[in-house]
Amino acid sequence: MDVLLLSRLQFALTIAFHYIFPPLSIGLGLILVIMEGLYLKTKDPLYHAMTRFWVKIFALTFAIGVATGIVMEFEFGANWAVYSRYVGDVFGSALAAEGIFAFFLESGFLAVLLFGWDKVSPVFHFVSTVLVALGAHFSAIWIVVANSWMQTPAGFHVVGEGMKARAEITDFWAMVFNPSAVERVLHVYMGAWQAGAWFVMSVAAYYLLKKRWTDFAKKSIKIALLVALISSLGQLVTGDWSAKKASAHQPAKLAAFEGHYDSRKPAPLYLWGWVDEKEERVRHGAAIPGMLSWILYGDASKPVRGLRSFSPEDRPPANLVFQAYHGMVAIGLGLIVLAFLSLFLLRKGRLFETPWVLRLCVLSVIGPQIANQLGWMAAEAGRQPWIVYGLLRTKDAFSKNLAAGQVMASLILFMLVYALLFVLFIYLLDRKIKQGPEEGLLAAPHRAEI
């Protein structure tokens, strides 16, 4: 394997592993705010116990997320020097904003969230919880803005020529609100809220099946189910919005989503299939004729630009993008069905006594994680062959002075370290879940000394 392929593989694997944890932190942050807010309102000790239990899980995911995220910043300089020079002014401003507006806020109040239960007033502790959750959400904004600029560049001009060319910001807010930024931020939020909500649902359902801490689990499910339902539906809406923006600004990506080649014809909406990139058609597929045209334009007879309108070197890997996109959509629809089924049974008073649904809820924790990974894969592979859409090709962006052996050695090292981190994460997570909430907190309200 050459340096380019190894560098792409290394970055893909490291970011895929890292992206397990930020969505959990964002989703759990929102749920912590809800739980602690309910405790302040009701003084119900169960809400206090729930908050303190999930704070421990939040701290674990936050720590692993920070540790795995640092690696990628080094990869930008080591493996992607041309890219770093080209986008340094743009990417640097977004990352600086993340540090100032997000990371400092989140980390600054994290200590109060973790250790301030008996040292500050309940109201101040709740404010700290809110600020930590906001910090996690702000962090996502700036990371997604930077990535969205790579998808739909705006608010810049290019100075220099050839290998010395670089993008400079001419309008900071045009860069921030580039054509794909807003809907992609919201789409990421919905995925993160799903990750946190179904995580809580999974653990609470496990407790109910084991008949342990049942009151704790029932209240946890009611909160998590509300967040899961809202975010699952929100994911559908923001996903539709993102697809329409891709049609306008990245038509090759949109065509790859549906394996659509012929620009003269209306585009069907495939439920499944296999894209034969040599014969330029979808094999073994089931499709709704004209449905994609109707979704995009409100007219099932209107043609949609297809992949044949792009030269072969400008097309993304269609089958990879198609499968990732359809896998994400299928999981998203499945989670919506499970959320509505759980809500129906809850309203009928039967959810907590329906083991097969509780077992599905236990397994549901992996759904948002897989869907988030597939969504990023579809978005990033769909941008290819461009690392900055229409401006800089991926094959021109890597570091030319690296040897393949160096990249391979670091790739193997990273995978070993990440495997150890994942084993440690699962071990600590399993231990905390089996320990459950603190028994002493379930009996009496907590009152901090002011």
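None of the figures in this text is laboratory data; all of them are computed from the coordinates on show. All values reported here derive from a predicted model rather than from experimental measurement. Don't worry about glycine lacking a Cβ; one is built from the backbone with ideal geometry, like all the others, and counts go over all protein chains shown.
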Relative contact order for segment 182-400: what is it in percent, counting Cα pairs under 8 Å that are at least 6 residues apart?
24 percent
Using the alpha-carbon centroid of each, what span in Å lies between segment 230-249 and segment 275-348?
12 Å
To the nearest 20 debye, what is the magnitude of the charge dipole of the chain about its Cα centre, counting +1 on the Cβ of each Lys and Arg and -1 on the Cβ of each Asp and Glu?
1140 debye
Once both labels are modelled 7 Å past Cα along the beta-carbon direction, what's the residue 67-residue 370 spacing in nm?
2.7 nm
Based on the Cβ-Cβ distance from residue 263 to residue 81, what FRET efficiency comes out when R0 is 41 Å, to the nearest 0.05?
0.65
List the residues, sorted by chain then number, that are 5 or more residues from residue 272 or on another chain and whose placed amide H is less than 5 Å from its amide H.
286
Calculate, in nm to one decimal, what residue 12 and residue 107 gain on full extension: separation in residues at 0.36 nm each, minus their alpha carbon distance.
31.5 nm
Quick one: check the C-alpha center-to-center distance for segment 62-136 versus segment 178-203, whole angstrom.
17 Å
For segment 100-219, state what percent of all Cα-Cα pairs lands in each successive 5 Å bin, counting from 0 Å until the bin that includes the largest distance.
2, 10, 12, 12, 14, 14, 12, 8, 6, 4, 3, 2, 1, 0
Report the relative contact order of the chain, percent, no decimals, based on alpha-carbon pairs under 8 angstrom and at least 6 residues apart.
22 percent
Distance-filtered residues of segment 221-255 - backbone nitrogen under 17 Å, label point 7 angstrom along residue 299 Cα→Cβ:
248
I'd like the distance separating the alpha-carbon centroids of segment 387-442 and segment 155-172, in whole Å.
31 Å
Pairs of Cα atoms farther than 29 Å apart, segment 182-400, %
36 percent
Can you compute the equivalent ellipsoid semi-axes for the chain, i.e. the square root of 5 times each eigenvalue of the Cα gyration tensor, sorted largest first and rounded to whole Å?
39, 28, 20
Ignoring the sites themselves, what is the longest stretch of the chain with no trypsin sites (Lys or Arg not before Pro) in a DSSP loop and at most 14 other beta-carbon atoms within 10 Å?
120-210
Computed, not fitted: 222 nm per-residue ellipticity of the chain from DSSP H runs ≥ 4 (each -39500 (n - 2.57)), nearest 500, equal to -23500 deg cm²/dmol
Can you check what the net charge comes to around residue 141, using other residues whose Cβ is under 14 Å from the Cβ of residue 141 (Lys, Arg +1; Asp, Glu -1)?
-2
Using +1 at the Cβ of each Lys and Arg and -1 at the Cβ of each Asp and Glu in the chain, identify which of 214, 16, 294 lies farthest towards the dipole's positive end.
214
Using θ = phi - 60° and the Karplus form 6.51 cos²θ - 1.76 cosθ + 1.60, what ³J(HN,Hα) does each residue of segment 304-315 get, whole Hz, x for Gly and Pro?
10, 4, x, 5, 5, 6, 10, 5, x, 6, 9, 9
GluC sites (Glu not before Pro), loop per DSSP, at most 10 other Cβ atoms within 10 Å - longest free stretch of the chain:
280-448
